Amino acid sequence: MSHDHDDRPQLTAAQAAAVLTPPPGRNGGDLVVESLQGLGATTVFGLPGQHALGMFDALRRSSLRYVGLRVENNAGFAADAYGRITGEVAPLLLSTGPGALTSLAALQEAAAASAPVLAISSQIPTAGLGGGRHGYLHELRDQQASVRDIVKSVHTVRAASQIPSAIAAAWESALTAPHGPVWVEIPQDVLLAVTTLPVVSAMDATPRELYPRPELTIAAAHLLSDSERPVIIAGGGVVRSDASGKLRALAEKIDAPVVTTFGGKGAFPWEHPLSLRSWLEDRHTTDFLEDADVLLVVGSGLGELSSNYHTFRPRGRVIQIEADAGKLESNHPALGIHSDAREALSELLEAVEPREDAGAAERVRTVLEKVRVRIDAQELTLEQQVLDAVRRALPDDSPSFWDMTILAYWAWSAFDARRPNTMHSAQGAGGLGYGFPAAIGAASADPTTPVLAVSGDGGAMYSIAELATARQYDLPLTWLIVDDGGYGILREYMTGAFGETTGTELHRPDFVALAESFGVPAVRTSPESLAADLGKALASPGPSVVVLPALLRMFEPTHL
């Protein structure tokens, strides 16, 4: 049997010479950075460590931009945000053992939010692999075991020739819907060993497209076309797949009200007549969703936060479009469609018949008015004033990153994100410390647009070291720290549950003086001057800090 190889790319004489005589002084680390460059990476995040020095040395010989943070978990948060903002893979370079383990909370958030992070960790020398106890520095019996439950895929390298293929496979995995974090680990000796392998050139790691099955699209279209009260829940999958335009077109074609989950903020225009906004922690919204005869759930697993803490009980038919097969029908029986949100919405938009519902917009207004009356009855003027000040100060196209803090919980429900893919929080895994390092990642992705981070004083202490990073790279970001003297939401939870608190009250620094000690300008503000101070900080070049001493309260829950 003969094979025709005429379609293979032909090397020029110069290219052939380069392949046959690669430049001297390269090691396994060079193969890592050459692979990343070949796949299209431009920026990498990380923190050097003894076993990973081969990779970091190779960065000098590459065109990759390195953004080094001060804590591995913060580097992971920065990579997460870079991946969310750009939709591209964000490489994260880590060392062995403690360095690798310190990144795990950030990788859990990336997994929950479907952020394409490519973690490349060093390992102990090859001779130590296999679970023996050799006493190497940073040695773990099975480093992979610590990450396997968190990331999408794990790729182990044992020889230099395996590096490009492992990184390409991980890259493809990270970008295959649903996006997510992946893990590659390479032993120290492989990274340091001199290599005579050719320079890595063009790499192909095209992700597999995830299309809906046609018979399911037809069935879903039929249900929606014949429905009397259709409603759409739009989750983070709509944002990740850049499907906001398709979502709006479908909602308008069938006159279906849309509520966005906290992870789906910005997926549907806030002021649209069909917009139920994001009031998911509200019984009026829950009742409205339960009354739908057909509920289309796109890019959401209907987890705890998206179901009013599992009090939501749909009475109509549910159609669930989800790229993560594990989330399909995991909480409610449905017509489950395993697909990327954009592809499924595109095909559904073509298949569905137009329907008109002159009363849909009025029903939406009624629900939102009920929500407004409920909130206004709780005398929460300060909280709404502060959130409104942030919205007025923040440019529409500026991304914002919110830590797990009371103002963020308000923002989940009440903040108009204005644009798709601009509001992000750590609500997927729920870990503290996300806001500021994530803003560093976003500012690294686009240094021309100011970025906002929002933290409480407790969460801020997780990330103080990154003030040095923001200053070192002169990044255009503003950090709003709401200082209420402790873990405010835990204070509320414990007071409500037990009548008193334990461990919630914190001694904290003078945040203004602390920021200034890093060379970062800072100002102490008030609710009345917040909009002006925040706007001025966002309009100024480089990093800045705005500190708001304020005791904010949450609105009353409706799920208890």
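The values are calculated or read from the model by the stated rules, or taken from the named source; none is laboratory data. Here the structure is a predicted model, which is why all the values come from computation and not from measurement. Counting neighbours? That spans all protein chains shown, and the Cβs are built from the backbone with ideal geometry, glycine included. Accessible surface is based on the protein model in full, side chains and every heavy atom, while ligands, DNA and RNA are left aside. Shrake-Rupley method; radii C 1.70, N 1.55, O 1.52, S 1.80 Å.
Listed here are the residues, each with its yes/no results for (1) touching a strand residue (DSSP E or B) at 6+ places or on another chain (Cβ under 6 Å); (2) closer than 25 Å to Leu387 by Cβ; (3) among the hydroxyl-bearing types (Ser, Thr, Tyr).
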| site | (1), (2), (3) |
| --- | --- |
| Asp474 | no, no, no |
| Thr478 | yes, yes, yes |
| Ile481 | yes, yes, no |
| Tyr487 | no, yes, yes |
| Leu490 | no, yes, no |
| Gly496 | no, yes, no |
| His507 | no, no, no |
| Glu516 | yes, no, no |
| Thr525 | yes, yes, yes |
Considering residues of the stretch 347-361 that are open to solvent by less than 30 Å² (accessible area, probe 1.4 Å) and not in a loop (DSSP other than H, G, I, E, B) only, the residue nearest to Glu215 (Cα to Cα):
Leu348
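Does Ala344 fit the bill of being without any contact (Cβ under 8 Å) to a residue 60 or more places away in the chain, touching a Pro at 6+ places or on another chain (Cβ under 8 Å) and surrounded by 16 or more Cβ atoms within 10 Å (Cβ to Cβ)? Walk me through how you get there before you give the answer.
Working: without any contact (Cβ under 8 Å) to a residue 60 or more places away in the chain: no; touching a Pro at 6+ places or on another chain (Cβ under 8 Å): yes; surrounded by 16 or more Cβ atoms within 10 Å (Cβ to Cβ): yes.
Answer is no for this residue.
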Among the candidates Ser330, Ser339, Ser278, single out the residue that is closer than 25 Å to Asp397 by Cβ and among the small types (Gly, Ala, Ser).
Ser278
Top-ranked residue of the stretch 225-243 - restricted to ones that are of a type in the set (A, V, I, L, M, F, W, C) and over 12 Å from Ser300 (Cβ atoms), ranked as surrounded by the most Cβ atoms within 10 Å (Cβ to Cβ):
Val231
Going through Ala539, Ala497, Ala532, Ala515 one at a time, which residue ends up being open to solvent by 60 Å² or more (accessible area, probe 1.4 Å) and closer than 21 Å to Gly441 by Cα?
Ala539
Out of Thr502, Thr448, I need the residue that is free of Cβ contacts under 8 Å to residues at least 12 places away in the same chain and either over 20 Å from the mean Cα position of the chain (by Cα) or farther than 26 Å from Ile375 by Cβ (or both). Which one?
Thr502
Within the stretch 421-430, restricting attention to residues that are farther than 14 Å from Thr261 by Cβ and open to solvent by less than 30 Å² (accessible area, probe 1.4 Å), which residue is nearest to the chain's Cα centre (by Cα)?
Ala426
Contacts under 9 angstrom Cβ, first residue in the stretch 359-388 being closer than 22 Å to Arg229 by Cβ, partner among the aromatic types (Phe, Trp, Tyr), 6 or more apart
Arg363/Phe288; Val364/Phe288; Thr366/Phe288; Val367/Trp279; Val367/Phe288; Leu368/Trp279; Val371/Trp279
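Any idea which of Thr469, Thr478, Thr504, Thr558 is at pLDDT below 95, open to solvent by less than 70 Å² (accessible area, probe 1.4 Å) and touching a helix residue (DSSP H, G or I) at 6+ places or on another chain (Cβ under 8 Å)? Please lay out each step first, then the result.
On the way: Thr469 fails: at pLDDT below 95; Thr478 fails: at pLDDT below 95; Thr504 fails: at pLDDT below 95.
None of the others qualify; the one that does is Thr558.
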When residues of the stretch 427-438 are filtered for being more than 10 Å from Ala79 (Cα to Cα) and either aliphatic (A, V, I, L, M) or not in a helix (DSSP H, G or I) (or both), how many remain?
8
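How about the stretch 257-324: which strands (runs of 3 or more DSSP E) wholly inside it have at least 2 residues that are open to solvent by 10 Å² or more (accessible area, probe 1.4 Å)? Talk me through it step by step, then tell me what you get.
On the way: elements: 258-260, 275-277, 294-298, 317-322.
Correct list: 317-322.
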For the subset of the stretch 59-97 comprising residues that are touching a helix residue (DSSP H, G or I) at 6+ places or on another chain (Cβ under 7 Å) and of a type in the set (D, E, K, R), which member is surrounded by the most Cβ atoms within 10 Å (Cβ to Cβ)?
Asp80
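Within 19 Å of the chain's Cα centre (by Cα), buried (at least 24 other Cβ atoms within 10 Å of the Cβ) and closer than 16 Å to Leu538 by Cβ, is that true of Ala453? Steps first, please.
Values: within 19 Å of the chain's Cα centre (by Cα): yes; buried (at least 24 other Cβ atoms within 10 Å of the Cβ): yes; closer than 16 Å to Leu538 by Cβ: yes.
When the stated conditions are applied, Ala453 passes them.
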Subset of the stretch 505-537 that is without any contact (Cβ under 8 Å) to a residue 40 or more places away in the chain and touching an Asp or Glu at 6+ places or on another chain (Cβ under 8 Å) - its residue that is nearest to Gly488 (Cα to Cα):
Thr525
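Any residue at all in the stretch 244-255 that's open to solvent by 10 Å² or more (accessible area, probe 1.4 Å), in contact with a Phe, Trp or Tyr (Cβ under 8 Å, 6 or more places away or on another chain) and either assigned to a loop (DSSP other than H, G, I, E, B) or of a type in the set (S, T, N, Q) (or both)?
The first filter runs over the stretch 244-255 and keeps only residues open to solvent by 10 Å² or more (accessible area, probe 1.4 Å), leaving 244-246, 248-249, 252-253, 255.
When the remaining residues are screened for being in contact with a Phe, Trp or Tyr (Cβ under 8 Å, 6 or more places away or on another chain), the result is 244, 248.
When the remaining residues are screened for being either assigned to a loop (DSSP other than H, G, I, E, B) or of a type in the set (S, T, N, Q) (or both), the result is 244.
Scanning the stretch 244-255, I find at least one residue that is open to solvent by 10 Å² or more (accessible area, probe 1.4 Å), in contact with a Phe, Trp or Tyr (Cβ under 8 Å, 6 or more places away or on another chain) and either assigned to a loop (DSSP other than H, G, I, E, B) or of a type in the set (S, T, N, Q) (or both), so the answer is yes.
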What are the residues in the stretch 212-224 that are surrounded by 16 or more Cβ atoms within 10 Å (Cβ to Cβ) and either assigned to a loop (DSSP other than H, G, I, E, B) or in contact with a Gly (Cβ under 7 Å, 6 or more places away or on another chain) (or both), if any?
Pro212
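Among the residues of the stretch 387-411, write down those that are among the small types (Gly, Ala, Ser) and either assigned to a strand (DSSP E or B) or open to solvent by 10 Å² or more (accessible area, probe 1.4 Å) (or both). Walk me through it before giving the result.
From the stretch 387-411, those among the small types (Gly, Ala, Ser) are 389, 393, 398, 400, 408, 411; that's our starting set.
Correct list: Ala393, Ser400.
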Does Arg141 satisfy being under 23 Å from Glu322 (Cβ atoms) and surrounded by fewer than 19 Cβ atoms within 10 Å (Cβ to Cβ)?
no
Which residues, taken from the stretch 138-190, are assigned to a loop (DSSP other than H, G, I, E, B) and among the acidic types (Asp, Glu)?
Glu139, Asp142, Asp149
Scanning the stretch 39-58 residue by residue, the ones that are outside any helix (DSSP H, G or I), among the small types (Gly, Ala, Ser) and surrounded by 21 or more Cβ atoms within 10 Å (Cβ to Cβ) total 3
Testing Leu274 on (1) in contact with a strand residue (DSSP E or B) (Cβ under 6 Å, 6 or more places away or on another chain); (2) without any contact (Cβ under 8 Å) to a residue 24 or more places away in the chain, one condition comes back false. Which one is that?
(2)
